[in-house]
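Read-outs: derived from the displayed coordinates by stated rules, not from any lab. Computed from a prediction, not measured in an experiment: that's the story for all the values here. So basically every Cβ, Gly included, is an ideal-geometry build from the backbone, and we count neighbours across all protein chains shown.
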Amino acid sequence: MPPETVRSIPANGSSIFALISFLLLVLGAGLVLLPLGIVAATSFLPPATAGKVSGWSWQSYRQAWLQGSFLLAFVNSTVVGLVVTGGQIVTSALAGYALARLQFRGRQALLLIMLATLVIPFQMLVIPIFLVLKWGHLINTYGALVLPTIANGFGIFLLRQYFQTIPIELEEAAALDGASRLQILWRIMLPLARPALTTLFLFTFIGEWNDLFKPLVFTTRPELKTVQLALAEFQEQFTNDWSLLMAAVVIATLPIVLLFLLGQRQFIRGIATTGIKN
């Protein structure tokens, strides 16, 4: 067998493997996007005509937006999501940096306790949280939607792991120049941890946007209605009108999809590099 033929066999085999992998990826993407395509196609049908061929129309979106009071729900979900996300970034950065760099007694025990909170479902804590909020007169306020999740063990662990990938020599050089711990965290660690911060922002904001449990349990005032609560109430009112329902689903989902598309590069980088030590 000529040497050229021997050298071409691995290349051909690699091309076939790459082609099969590409086809499998396309098939998987098609299976994932098919339900989304059905939802989007149904949402463009006029109200009460879903399943019938009657042309395309924006009427379902207009009617769903007005009847579902989604403008108020968008404002509430955005405010709650941004406040909770900001609180988690601050608390996670401070606690994560302390657990990653500071040496103090009980650090490992504190880390284990923090990790143990990740396996406790939020629903198991709802009664004590409700009693605390009631004692503080926070039921039916924004505080009831913000305070229960303003700190999270996942964010602390995520930033701790990322801080450990940053060379400690950078901090030592800054300390020699007279920088304090907070200055090192603010000027060196946080800028370098931008992928992890973006990941935490996306996880937290998307989680708050999709949360139905807190507004359902801790609020009853219509002016505190969030997107998911508005969507649930809309579904009860228009159970049989699939075009309106699908339009409401697209309205509630589109902001999160756009947000993820904008931050996907930093998100993937943050997930890929977290936990890797130099």
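³J(HN,Hα) across the range 229-234 via Karplus (A = 6.51, B = -1.76, C = 1.60, θ = phi - 60°), whole Hz, x for Gly/Pro?
5, 5, 5, 5, 5, 5
Go from 0 up to the bin containing the longest alpha carbon distance in the range 116-226, width 5 Å each, and give me the % of pairs per bin.
In order of increasing distance, the bins hold 2, 10, 16, 16, 14, 11, 10, 9, 6, 4, 1, 0 percent.
Take each of the peptides 152-159, 201-208, 251-258, average the number of other beta-carbon atoms within 10 Å over its residues, and list them starting from the highest.
Ranking, from highest mean packing down: 152-159, 201-208, 251-258.
Across the range 157-168, in residue order, what do the Karplus-derived ³J(HN,Hα) couplings come to in whole Hz, using 6.51 cos²θ - 1.76 cosθ + 1.60 with θ = phi - 60° and x for Gly and Pro?
5, 4, 6, 4, 5, 6, 4, 6, 7, 8, x, 5
Determine, for each peptide in 100-106, 181-187, the mean count of other beta carbons within 10 angstrom over its residues, then list the peptides with the highest first. Numbers along the way, then the final one.
Values: 100-106: 10.7, 181-187: 14.9.
Peptide ranking by packing, descending: 181-187, 100-106.
What translational diffusion coefficient, to the nearest whole µm²/s, does the range 15-115 have by Stokes-Einstein, given a Kirkwood radius computed over alpha-carbon pairs, a temperature of 10 °C and 1.306 mPa s viscosity? Spell out each step's value before the answer.
Working: Rh = 19.4 Å.
D = 82 µm²/s.
Report ³J(HN,Hα) in whole Hz for each residue of the range 197-209, in order, from the Karplus equation J = 6.51 cos²θ - 1.76 cosθ + 1.60 where θ = phi - 60°; Gly and Pro get x.
Coupling constants for the range 197-209: 5, 5, 4, 5, 4, 5, 4, 6, 5, 5, x, 5, 5 Hz.
Once you keep just the Cα pairs under 8 angstrom separated by 6 or more residues, what percentage relative contact order results for the range 60-273? If you can, show how the numbers build up before the last one.
On the way: 212 pairs, mean separation 78.4, N = 214.
So the answer I get is 37 percent.
Is it possible to state the helix-based mean residue ellipticity at 222 nm for the chain, with each DSSP H run of 4+ residues giving -39500 (n - 2.57), the sum divided by total residues, to the nearest 500 deg cm²/dmol? What is it? Show your work: numbers first, answer last.
On the way: 13 runs with 196 residues, N = 278.
The per-residue figure over the chain is -23000 deg cm²/dmol.
If I take the Cα coordinates of the chain and project them onto the principal axes, what are the three extents in Å, biggest first?
83, 70, 33
What order, most packed first, do the peptides 117-126, 134-143 have when packing is the mean number of other Cβ atoms within 10 Å of each residue? Kindly include the intermediate steps, with their values, before the conclusion.
Details: 117-126: 10.6, 134-143: 13.7.
Result, highest mean first: 134-143, 117-126.
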